[in-house]
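What follows is a set of notes on a single structure, which appears directly below.
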Amino acid sequence: MSDRNDLKSGENPPKTITRRNFILGVIAGGAAVGAASYRFLAPRGRTYSTGERLITVNVNGKPRRVDVMKQETLAWTLRYKLGLTGTKLGCDRAECGACTVLIDNVPHYGCSVLTHTVRGRNVTTIEGLASADGRLHPVQQAVIDEQGFQCAFCMSGFLMATVGFLKTNPNPTRKELAHGISGNLCRCQDYNKILDAMMRGAEYMRDGIPAGKTLTAIAGNPAAGDDATAALARGA
Amino acid sequence: MAIIRDVMPAFDLLQPSSAADAQKLLQEHGSDAWIMAGGLDSFDWLKDRIKKPKVLVDLSGIDELKGIRVTGDGVEIGAMTTLTEVAEHPEIRKNYSVLSQAVSVVASPQIRNQGTLGGNVSQDVRCWYYRGGWPCYRAGGNICYADTPVGRNREHAIFGADRCVAVHPSDSVPALIALDAKFVVQTSKGEKTVDAENYYIGPDLDITRINMLQPGDLLTAIRIPSTWAGATFYFEKVRDRNVWDFPLMNVASAIVLSGGAISRIRLAVNAVSPRPMRLKNVEDAVVGKPADASTGEMAGKLAVQGAVPLQFNAYKIPLMRNLVKRAVCGVAGQQAYGALTGDLDTQEVAWNS
């Protein structure tokens with residue numbers, strides 16, 4: 001262990017390795033690695049440590065303990081370690097927006113954030129939008145009501161970008177909203193309908209979701225008719 | 001080159017919490033270390049396996065490098081301040097609006113939320129041959145793939161090329177040059193303060209480096225003096241798409257008028273040369289002249305003198321002529337295209353004018 005170099009540099013370096021000194025050395029070395037390898041100076045000549053490490057990330061309001069590689073991106077951790085596959089990976093190069101998540105309420109590309117840089121910060125994904133009792137977030141409800149997406153691969157990214165933008169501007173014009181969520185692409189070119197849905201979402205957030213619409217998460221689109229609604233409600 | 005979608009190759013991640021620790025780490029690891037600010041330039045290099053640093057020094061945990069301080073003489077912006085914070089800061093919007101305009105048209109909202117001013121001014125060039133890992137001059141090889149009869153060089157340089165014809169892609173730098181900003185760099189020999197335009201190194205001087213940072217050096221802050229506070233500003237960026245794209249060209253000016261004549265001016269253009277260009281000769285030529293169309297015409301013609309187009313970028317000459325003209329005479333009460341209002345429809349394309 002390279003950390004022994006540090007022990008030798010003390011005032012009275014042990015001339016012979018006794019059992020006691022050896023054990024103390026191991027303990028001190030372990031403590032140095034455990035406490036300091038992230039935020040502290042690495043001793044010269046150390047071997048590079050590149051493995052996984054157990055860290056805590058607050059995801060959707062819950063602290064999650066997860067083993068994370070140093071080079072791992074947040075989108076990767078969310079999808080492949082925590083099973084939160086609602087966050088999509090499109091380009092993986094900060095060029096499409098499909099992986100947008102909120103970090104401390106601000107939209108970021110999950111593909112371009114190292115998970116180790118969000119330790120202790122609050123990450124919100126599409127899975128964290130609905131309330132605990134299953135009621136959809138107003139913007140999610142608006143997407144259903146407006147049938148906002150075609151294939152919807154880009155949807156969770158658009159939703160997170162919109163929710164983040166509405167926190168800074170709850171009453172945007174259509175143009176302001178378009179600018180605010182301009183960091184997201186839709187390959188279906190469905191932008192008009194997406195903007196319709198997101199403007200509706202902004203309205204629901206300000207004025208509340210109209211009565212009678214709140215159960216569509218379970219019952220499906222009312223326009224689909226009673227039979228279909230009942231079938232959906234049964235899980236058929 | 002195929003897009004690689006696997007995780008990045010392993011590196012060691014060091015996350016210092018003070019600028020002094022960061023500098024120690026950088027000096028210790030020298031050329032093995034890679035500085036990561038927002039990471040948006042870094043990740044392309046790392047994911048594409050073009051650059052393979054052993055150690056990544058992440059600056060995101062260093063609070064002392066973040067934030068904007070209004071000082072007795074202007075403002076000091078920490079290198080790790082995000083572009084969104086710079087764009088929205090009331091003092092910058094009020095007195096140095098050319099900078100808030102410039103940073104608010106960088107890339108996309110998410111990138112501005114994460115990208116930093118220090119990273120934006122220190123980013124590498126965007127030539128796709130270079131970024132694609134081709135062994136060009138800038139990458140240490142002995143050929144330029146862009147400057148050949150069939151090379152794709154529509155976005156490349158019309159000035160200052162020396163073997164490498166890539167352009168500097170930053171939007172914030174011309175605004176910072178117009179504001180006479182100073183960059184504060186910590187080196188092994190102590191703190192250095194350099195003028196914005198002198199932070200950059202052309203390929204004639206060192207083809208593998210884009211700025212003055214040596215291994216171990218750290219850009220910590222950008223100081224904007226109050227000299228140009230509240231001046232008449234102009235900023236315009238021309239690009240193919242309104243989001244994400246790097247500039248085909250951008251221009252920034254700060255002008256102080258007295259009695260309708262230009263009494264002081266600073267003028268800069270980027271994406272025309274490997275180094276951001278301050279147009280000192282144009283500044284000198286227009287001082288004392290009225291800020292009108294004929295002065296603008298003259299400024300535009302003077303600005304493009306000596307331009308050498310490549311196979312596919314001759315359009316940059318009339319584009320630069322028009323942008324410089326606008327930056328000199330189009331400033332009377334005119335805000336550049338809707339950057340602050342988010343109004344994308346009002347953008348005019350300069351080559352039509």
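The values are calculated or read from the model by the stated rules, or taken from the named source; none is laboratory data. If you're wondering where the values come from, they're calculated on a predicted model, not measured in any experiment. Glycine gets a Cβ as well: all are built from the backbone with ideal geometry, and neighbour counts include every protein chain shown.
Report, by residue number, each residue of region A:141-164 that is touching a helix residue (DSSP H, G or I) at 6+ places or on another chain (Cβ under 9 Å) and surrounded by fewer than 22 Cβ atoms within 10 Å (Cβ to Cβ). It would help to see each step written out before you state the result.
Restricting attention to region A:141-164, the residues satisfying the condition of being touching a helix residue (DSSP H, G or I) at 6+ places or on another chain (Cβ under 9 Å) are A:141-150, A:152, A:154-164.
Passing the criteria: A:I144, A:D145, A:E146, A:Q147, A:F149, A:Q150, A:A152.
Taking strands (runs of 3 or more DSSP E) that do not extend beyond region B:29-110, which have at least 1 residues that are closer than 23 Å to B:P135 by Cα and free of Cβ contacts under 8 Å to residues at least 40 places away in the same chain?
Working: elements: B:33-36, B:55-58, B:68-71, B:74-78.
In region B:29-110, the matching strands (runs of 3 or more DSSP E) lie at B:33-36.
Please state which one of B:L302, B:L319 is outside any strand (DSSP E or B) and either at pLDDT below 95 or under 17 Å from B:V165 (Cβ atoms) (or both).
Within the list B:L302, B:L319, the selection yields B:L319.
If you check A:G180, A:G201, A:G157, A:G148, which single one turns out to be without any contact (Cβ under 8 Å) to a residue 24 or more places away in the chain and not assigned by TED's automatic domain parsing to the domain that holds A:C111? Give the steps one after another, and end with the answer.
Numbers: A:G201 fails: without any contact (Cβ under 8 Å) to a residue 24 or more places away in the chain; A:G157 fails: without any contact (Cβ under 8 Å) to a residue 24 or more places away in the chain; A:G148 fails: without any contact (Cβ under 8 Å) to a residue 24 or more places away in the chain.
Only one candidate qualifies: A:G180.
If I go through region A:154-200 residue by residue, how many of them are more than 19 Å from B:A107 (Cβ to Cβ) and not in a helix (DSSP H, G or I)?
The total comes to 9.
Return a yes/no flag: does region B:145-154 have any residue that is touching a residue at least 12 places away in the same chain (Cβ under 8 Å), in a loop (DSSP other than H, G, I, E, B), under 30 Å from B:G330 (Cβ atoms) and not assigned by TED's automatic domain parsing to the domain that holds B:K94.
Checked against the condition, which is being touching a residue at least 12 places away in the same chain (Cβ under 8 Å), in a loop (DSSP other than H, G, I, E, B), under 30 Å from B:G330 (Cβ atoms) and not assigned by TED's automatic domain parsing to the domain that holds B:K94, region B:145-154 yields at least one hit.
Looking at (1) at the interface with another protein chain (Cβ under 10 Å from one of its Cβ atoms); (2) of a type in the set (S, T, N, Q); (3) surrounded by fewer than 22 Cβ atoms within 10 Å (Cβ to Cβ), can you tell me which one B:Q15 breaks?
Tallying (1) at the interface with another protein chain (Cβ under 10 Å from one of its Cβ atoms); (2) of a type in the set (S, T, N, Q); (3) surrounded by fewer than 22 Cβ atoms within 10 Å (Cβ to Cβ), B:Q15 fails exactly one: (3).
Does region A:124-155 hold any residues that are of a type in the set (D, E, K, R) and under 20 Å from A:D207 (Cα atoms), and which are they? Steps first, please.
Of the residues in region A:124-155, the ones of a type in the set (D, E, K, R) are A:127, A:133, A:135, A:145-146.
The answer is A:R135, A:D145, A:E146.
Consider B:I35 against the criteria (1) within 12 Å of another protein chain (Cβ to nearest Cβ); (2) under 20 Å from the mean Cα position of the chain (by Cα); (3) of a type outside the set (F, W, Y): it satisfies all of them except one. Which criterion is unmet?
(1)
For region A:70-104, which residues satisfy the criterion of being free of Cβ contacts under 8 Å to residues at least 40 places away in the same chain and part of a strand (DSSP E or B)?
A:I103
Within region A:117-140, is even one residue surrounded by fewer than 20 Cβ atoms within 10 Å (Cβ to Cβ), over 19 Å from B:Q110 (Cβ atoms) and within 12 Å of chain B (Cβ to nearest Cβ)?
Yes: one or more hits.
For region A:82-100, how many residues meet the condition of being within 12 Å of chain B (Cβ to nearest Cβ), in contact with a strand residue (DSSP E or B) (Cβ under 7 Å, 6 or more places away or on another chain) and within 24 Å of B:A10 (Cβ to Cβ)?
2
Which of the residues spanning region B:1-21 are within 27 Å of B:R112 (Cβ to Cβ) and in contact with a strand residue (DSSP E or B) (Cβ under 6 Å, 6 or more places away or on another chain)? Steps first, please.
First pass over region B:1-21, keeping only residues within 27 Å of B:R112 (Cβ to Cβ): B:3-5, B:7-8, B:11, B:13-19.
Correct list: B:F11, B:L13, B:L14, B:Q15, B:A19.
Tell me the residue from B:V75, B:V86, B:V7 that is closer than 24 Å to A:G51 by Cβ and of a type outside the set (K, R), please. Break it down into steps so the answer makes sense when it comes.
Details: B:V75 fails: closer than 24 Å to A:G51 by Cβ; B:V86 fails: closer than 24 Å to A:G51 by Cβ.
Only one candidate qualifies: B:V7.
Residues are listed down the side, and each one gets a yes or a no for (1) surrounded by 22 or more Cβ atoms within 10 Å (Cβ to Cβ); (2) out of contact with any His (no Cβ under 6 Å at 6 or more places or on another chain); (3) over 23 Å from A:A98 (Cα atoms):
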| residue | (1), (2), (3) |
| --- | --- |
| B:W45 | no, yes, no |
| B:K66 | no, yes, yes |
| B:V75 | yes, yes, yes |
| B:G115 | yes, yes, no |
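Can you work out which of the residues in region A:71-81 that are crowded, with 18+ Cβ neighbours inside 10 Å and out of contact with any Gly (no Cβ under 8 Å at 6 or more places or on another chain) is farthest from B:P9 (Cα to Cα)? Spell out the reasoning first.
First pass over region A:71-81, keeping only residues crowded, with 18+ Cβ neighbours inside 10 Å: A:71-79.
Remaining after also requiring out of contact with any Gly (no Cβ under 8 Å at 6 or more places or on another chain): A:71-72, A:76-77, A:79.
Details: A:Q71: 7, A:E72: 9, A:W76: 14, A:T77: 16, A:R79: 19 Å.
Per the criteria, the residue is A:R79.
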